[in-house]
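Novice: Input: one structure, supplied below.
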Amino acid sequence: MDNPEDTMTSWDKKLPVWSKYVEEYNTANPNRKIDEFIVLLGYSGGKVVFKMIQSAKKNPATKEVATALQEKLIRKWLNEKVFPIQIFEIVETGKLEDVLTSPYLPVWTRYLEEYNALSYVRNMDEVDVLLRYYKKGAVFRMLEEAKKDERTKNMAKKWEEQLVRKVLEKEGKIS
């Protein structure tokens, strides 16, 4: 396998080969199956594997395989009860102002929704996760700006309602 730093440029071509190899190996060795993600995650880490899959999804020749791998990865995370905050760390862009326009936002919000449907611990919403990384004033300002953009307006309003509710609950104004 390549060095993890090379994954963005080379793995979109190698991902289907890797996936087919694992499938053939597991068929030939039913008692010694390997999990392709354990190997990839152990070698490269979650963030690199996720970005590698996203890169492969952009290539028409590898989009189908990459989409299937992304679904497997999400199922793996759900089965392992990976906390939504950890998934945010994998898919986040690094800048608060980019969260609502990130191409990876649908993956994270879908994961959060499915995680909540399984009710492992307690339901979380997007703002719970954002407040783990950013101060509430910064989140509020980001949401105010996002409401000015038609692409992010509806989601920003929803998240702002979540934020206001949390602040009021914390201050004991509502329960």
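The values are calculated or read from the model by the stated rules, or taken from the named source; none is laboratory data. All values derive from a computational prediction rather than experimental measurement. Backbone-built Cβ (ideal geometry, glycine too); neighbour counts: all protein chains shown.
Novice: Looking only at the range 44-90, how many residues end up being loosely packed, with under 14 Cβ neighbours inside 10 Å and part of a loop (DSSP other than H, G, I, E, B)?
Specialist: The total comes to 6.
Novice: So which residues in the range 110-127 are part of a helix (DSSP H, G or I) and either at pLDDT below 90 or touching a strand residue (DSSP E or B) at 6+ places or on another chain (Cβ under 8 Å) (or both), if there are any at all?
Specialist: Leu118 - this is the single residue of the range 110-127 that is part of a helix (DSSP H, G or I) and either at pLDDT below 90 or touching a strand residue (DSSP E or B) at 6+ places or on another chain (Cβ under 8 Å) (or both).
Novice: So, in the range 145-175, of the ones that are of a type in the set (Gly, Ala, Ser) and assigned to a loop (DSSP other than H, G, I, E, B), which residue ends up surrounded by the most Cβ atoms within 10 Å (Cβ to Cβ)?
Specialist: The selected residue is Gly172.
Novice: Only residues that are surrounded by 16 or more Cβ atoms within 10 Å (Cβ to Cβ) and among the polar types (S, T, N, Q): list them for the range 112-144, please.
Specialist: Within the range 112-144, no residue meets the criteria.
Novice: Ok, one more. When the residues of the range 30-43 are narrowed to those that are of a type in the set (Val, Ile, Thr) and part of a helix (DSSP H, G or I), which ends up surrounded by the fewest Cβ atoms within 10 Å (Cβ to Cβ)?
Specialist: Ile38
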